[in-house]
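To start, the structure under review is shown below, and the notes come after it.
The values are calculated or read from the model by the stated rules, or taken from the named source; none is laboratory data. Fair warning: this is a prediction, and the values are worked out from it, not measured in the lab. No Cβ is skipped: glycine too gets one built from the backbone with ideal geometry, and neighbour counts run over all protein chains shown.
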Amino acid sequence: MSSEAALLLCLLALPSWAVEDDAARLLREALDPPAVSYSGTVSVTEARSNVPETRWLNVRYAPPGRSRRETLDRFGTVERLVVSDAETEWVWDRRLKTAWQGGSRASARPFSDPEEELALLLDNYEVRRAGEDTVAGRPCRVLEVSPRRGGAPAQTLCVDAEEGVVLRRAVFAPDGSEAFKMSFETIDLSVKPAASDFRFKPPAGTRVLKARPAPDALELEEAAGATGMLPRPPDWVPPGYVFESVSVLPYKGATLLHYRWSDGVDALSMFQSPARTRIRPPAGSRPRRTKVGAAQAGLSLLADGKSLEWSAGDRFVLMGRLSADELRKVAESVPAPKAP
């Protein structure tokens, strides 16, 4: 009997929990920072108001934690750049002629154990192998993430079979429709990036700021008039995230504020509502007790990230694909309510 056949028989004889462990191991590897350099082109599609919207990015990465991400406009011109040498991160917006300089996420000391976050995921979702596929010409293993309560898959990951890089990620709404997809269209894993690829010199005429981009004062004034609440956007968001908008949403007879930031791929949202209004938790979520400062809070794992809910005068819900500690840090930077 060949060694391959013997291995196949051993795998077929494994109990179901061992197969699940294999899927969890593959997921763990996919969640770790890549150990190899790469360069490529990525498409990102989001369904906004049920209308798919696609952005294109040029990406480059080199361990440990050096990255370059260029968001392109419809003409193929770079409109936003996020570049980090693992110590300093720059965000440059061509249209605003502004650059923000700050510390890199890669250089920040982690506050929580990644194993705890993986355990939270595995407590709420079942992860299983779902065959093989090919993305950007490379073979990959498919992982399917489904809620343990039952129902359709919430997310699929295509992980490079050799290097463990996530080549495609798709997130599905409860009705099964695709809500988000990130996919490499091209990727080169033999590239040897130069140190200059991860440095940035602001173009002439660029306004350079040290602080993170903040919501526009006029937008906040208009939102305050529409809701009767004092807008309280956070003073800190992770490096690379740029404020996009604040909007007013009707909800159960009340009016909410919805703030949105983006790093070109991932979005970060915060909802602010009057204290008397309770925002319904996302479907299928099971909040775990935690703290935001001294306040009690609930942390939920979602198909496409996490949500953090707490009260501080008004009620807040923060949603994104950040780590639990980054979400908490954003929440704790929300200004305290002003005395009447």
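Identify the residue in region 19-53 that is exposed (fewer than 11 other Cβ atoms within 10 Å of the Cβ) and outside any loop (DSSP other than H, G, I, E, B) and, among all such residues, is modelled with the lowest pLDDT. Once the filter is applied, the top-ranked residue is Arg48. Tell me whether region 152-159 contains one or more residues that are in contact with a Gly (Cβ under 6 Å, 6 or more places away or on another chain) and not in a strand (DSSP E or B). There is at least one residue in region 152-159 that is in contact with a Gly (Cβ under 6 Å, 6 or more places away or on another chain) and not in a strand (DSSP E or B). Meeting the requirement of 3 or more residues that are modelled with pLDDT under 85, the strands (runs of 3 or more DSSP E) wholly within region 236-340 are 242-251, 254-262.
Each row is one residue, and each column tells you yes or no for (1) crowded, with 17+ Cβ neighbours inside 10 Å; (2) more than 22 Å from Asp263 (Cα to Cα); (3) free of Cβ contacts under 8 Å to residues at least 12 places away in the same chain.
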residue: Val145; (1), (2), (3): yes, yes, no
residue: Ala179; (1), (2), (3): yes, no, no
residue: Asp188; (1), (2), (3): no, yes, no
residue: Val191; (1), (2), (3): no, yes, no
residue: Leu209; (1), (2), (3): no, no, no
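Every test in (1) assigned to a strand (DSSP E or B); (2) not assigned by TED's automatic domain parsing to the domain that holds Arg80 is passed by Arg128 save one, and that test is (2).
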